[in-house]
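All remarks here apply to the structure that follows.
The values are calculated or read from the model by the stated rules, or taken from the named source; none is laboratory data. Just so it is clear, the model here is predicted, and its values are computed rather than measured. Reconstructed Cβ throughout: ideal geometry from the backbone, glycine too, with neighbour counts over all protein chains shown. The accessibility values were calculated without ligands, DNA or RNA, using every heavy atom of the protein model including side chains. Shrake-Rupley method; radii C 1.70, N 1.55, O 1.52, S 1.80 Å.
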Amino acid sequence: MTDETMRALTWHGEKDVRVSEVPRPEIVEPTDAIVEITATAICGSDLHLYNDRMPGMREGDVLGHEPMGEVVETGDQVENLEVGDRVVVPFTISCGSCWFCEEELYSLCDNSNPNAEMARKMMGQSPAGLFGYSHLLGGYAGGQAEFLRVPYADVGPIKIESDIPDEQVLFLSDVFPTGYMAAENADIEPEDTVAVWGCGPVGQFAVQSAQMMGANQVIAIDRVPERLEMAGEHGDAETINYEHADVYDQLMSMTGGRGPDRCIDAVGTEAHGTGLDGVSDRVKEGAKLQDDRPYVLREAIKCCRKGGTLSVPGVYLGRANVPFGPLMNKALTVKTGQTHMQRYLDPLLGKIEEGEIDPSFIISHQVGLEDGPEMYQTFNDKEDDCIKVVMTP
Amino acid sequence: MSEHSFDSAVEDVPNSMHPGASAEPNRSRWKRAGTVALGGALVVFGLRRRSLGGTVLALVGGALSYRTLSDYLTDAGEMEPVERSITIDKPADELSDLARDPESLARIVGHFADVSAVGDDRYRWSAGGPLARELSWEMEIAADESGERLRWETVDDESIGALFDSWSLSFDPAPGDRGTTVTLEVRFDPPGGTAGSAAAERLDVVPESLVGTALDRFKSLAETGTVPTTEHRPSARGRGDLL
Ligand SMILES: [Zn+2]
Ligand SMILES: [Zn+2]
């Protein structure tokens, strides 16, 4: 290790994450800052990369999009940050100047993906660039490293002025705002029943946010007992273990046959199916175009109350075979998207500082960067009650 | 794997976009490049930092196909122009000034070319990388209707090999508060014409990508003052995109 290099977690193909010595990032544009990382998390969506389901990864790419740390260098044009500032870095990269940023649709930023052409070819238009999440979405080096280059440094990072510990604010980088936006997108009204599929970190925060927004009843659905317990204990949710019960039957009996008014898919493409659906999707995956596995979407469309809302914070990457007929005939509203992070940073930091929520309850493992590769495996296999891994480089 | 191994990177695939493509000699020579099916082999040409448009297209697997230069050749042996539009949140005159400023222009086309001013309204373009010696040409402003249209044309006698013979921008007001619709039309005219010179054979040109990326860079420069980049990015491959 020299002054010129640093340690980072790098991607080398399916289930192959390594600790590598890589060059240290440097200021490239005058609007950049360099942050020395003090805490960085592994995200459920990193498992899409781990399982090699995201197009546009290259061997050796630095992973990670949930970092925080201390500003150690700023470009000439950076005004909001100074060396020594403690910051949380949101996972979406936004320019702050385009039409979308001005409309507070930050994850749709027009300018932050240098590889917009590739994304445009796949999706029609390119969303914002993300840290450590494939060349399709920018090719930016990620934050599971000792240092991170942060473009548009005046727009993204949020300064933490109090001495509140890293563990309590780190999840402003993604999962807390993502769960919160998921609940906001669900348009919750006071008498509503909200069903949340997936009790990983995003699901946990969606459950708690739904409670904050005044839902009458929140139902959490997963198959991992510890995660369901957590949703019950911290989020005051009723729970359904889908390995032991039919989700549709359960939900109907809990809602008098109406179905939940608001359904949140906090799982996305990696959902484990138990029925035959799973088999046919796996077969299709052998074909050239990767298809997503939309079990949760299918189930949520089936269960949702007529005229209800389906909010999808779970990540999908390709095409999904979803039952559009029921969606149409039941007049459901679908809301989705990567999180418009900058909209939520200030208000949610406020909630943490006021003690309304302590996001550190989701942490199950705290390790050093060198344990990263092993932690990816543990997290992927849902072993050792692993729900959220935080690493200190 | 060589720096410009376009030919070897291209699979011999049926031309799905032009099923009726004829096999006349000119065309078939070019067809060797064919419509590019972006499979694994194209990693070769897609990832160099400065290629003539193929940059970054390579990683997304077999799902995409692009038209290459030869696909723009009409049966009459002429090149169809390539046209793309983008909406930029700035007034037209500001954009028109930016587009003709040599330093800004150099950044806008920096993904495939170097540009410098050689006289009033006259610019020297050269292909980035090792092809610079074989592909270098001068363009001058042939039409400048302030804030509406700006057109460069290649000056033949000052060119070793030109990649295109015109580069035209038009500026139209976008609806509401969205700024200006900018349309870029490029008439490609690669050296050696349809027969294909050595340089043209090795060209790594995906015209729509070259033009689309130029517009993206123009927009970013106008709206943010910078062009987004991952140059010098650290990875286990080393520093930057060339590795
Ligand atoms: Zn995340
Ligand atoms: Zn933006």
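Accessible-area rank, largest first, for A:His48, A:His234: A:His234, A:His48, with all protein chains present and a 1.4 angstrom probe. Sparse packing (at most 16 other Cβ atoms within 10 Å of the Cβ) combined with a DSSP loop state is found for the following trypsin sites (Lys or Arg not before Pro) in the stretch A:1-51: A:Lys15. Comparing Cα centroids, the stretch B:110-151 and the stretch B:160-183 end up 15 angstrom apart.
Placing a pseudo-label 7 Å from each Cα along the Cα-to-Cβ vector at A:Met122 and B:Asp97 gives an inter-label distance of 3.9 nm.
Modelled label positions at B:Asp121 and A:Ser253, each set 7 Å beyond Cα in the direction of Cβ, lie 8.2 nm from each other. Accessible surface of A:Phe91, taken over heavy atoms with a 1.4 Å probe and every protein chain present, rounds to 10 Å².
Spatially, the stretch A:70-137 and the stretch A:16-34 are offset by 15 Å when compared through their Cα centroids. Distance from the C-alpha centroid of the stretch A:147-219 to that of the stretch A:304-354: 13 Å, rounded to the whole angstrom.
Summed over both chains, the accessible area lost when B and A associate is about 3500 Å², using a 1.4 Å probe. Extension gain for A:Gln77 to A:Asn329 (0.36 nm times residue separation, less C-alpha to C-alpha distance): 85.4 nm.
Applying 0.36 nm per residue to the separation of B:Glu231 and B:Glu80 and subtracting their alpha-carbon distance, the gain on full extension is 51.1 nm.
Taking a ≥ b ≥ c as the square roots of the eigenvalues of the Cα gyration tensor, the stretch B:69-224 is classed as prolate, since a/c reaches at least 1.5 and a/b is larger than b/c. What FRET efficiency do you get for B:Asp172 and A:Glu102 if R0 is 22 Å and r is their Cβ-Cβ distance, rounded to the nearest 0.05? It comes out at approximately 0.55.
Its relative contact order, with pairs defined as Cα atoms under 8 Å and 6+ residues apart, puts chain A at 17 percent. Take A:Ile27: with every protein chain present and a 1.4 Å probe, its accessible area is about 50 Å². Peptide A:89-96 has a mean of 1 when you count, residue by residue, the C-beta atoms of other protein chains within 10 Å of its C-beta. Within the listed set A:Asp174, A:Asp76, A:Asp358, the Gaussian network model of chain A (springs between alpha-carbon atoms below 10 Å) gives the highest mean-square fluctuation for A:Asp76. Round to a whole number: what % of the accessible area of the stretch A:8-126 belongs to carbon and sulfur, probe 1.4 Å? Here it works out to 38 percent. Full extension of the chain segment joining A:Gln377 with A:Lys159 gains 75.2 nm, where the gain is 0.36 nm per residue of separation less the Cα-Cα distance. Residues of the stretch B:207-243 falling in the label zone of A:Thr5, defined by backbone nitrogen less than 20 Å from a point 7 Å along Cα to beta-carbon, are B:232-243. Take each residue of peptide B:218-226, count the partner chain Cβ atoms within 10 Å of its Cβ, and average: the result is 6.
Per residue, the average separation of C-alpha pairs within less than 8 Å and at least 6 apart gives the stretch B:124-182 a relative contact order of 26 percent. DSSP beta bridges fully contained in chain A are about 55 percent antiparallel. Taken residue by residue and averaged, Cβ atoms of other chains lying within 10 Å of the Cβ of A:107-116 number 6.
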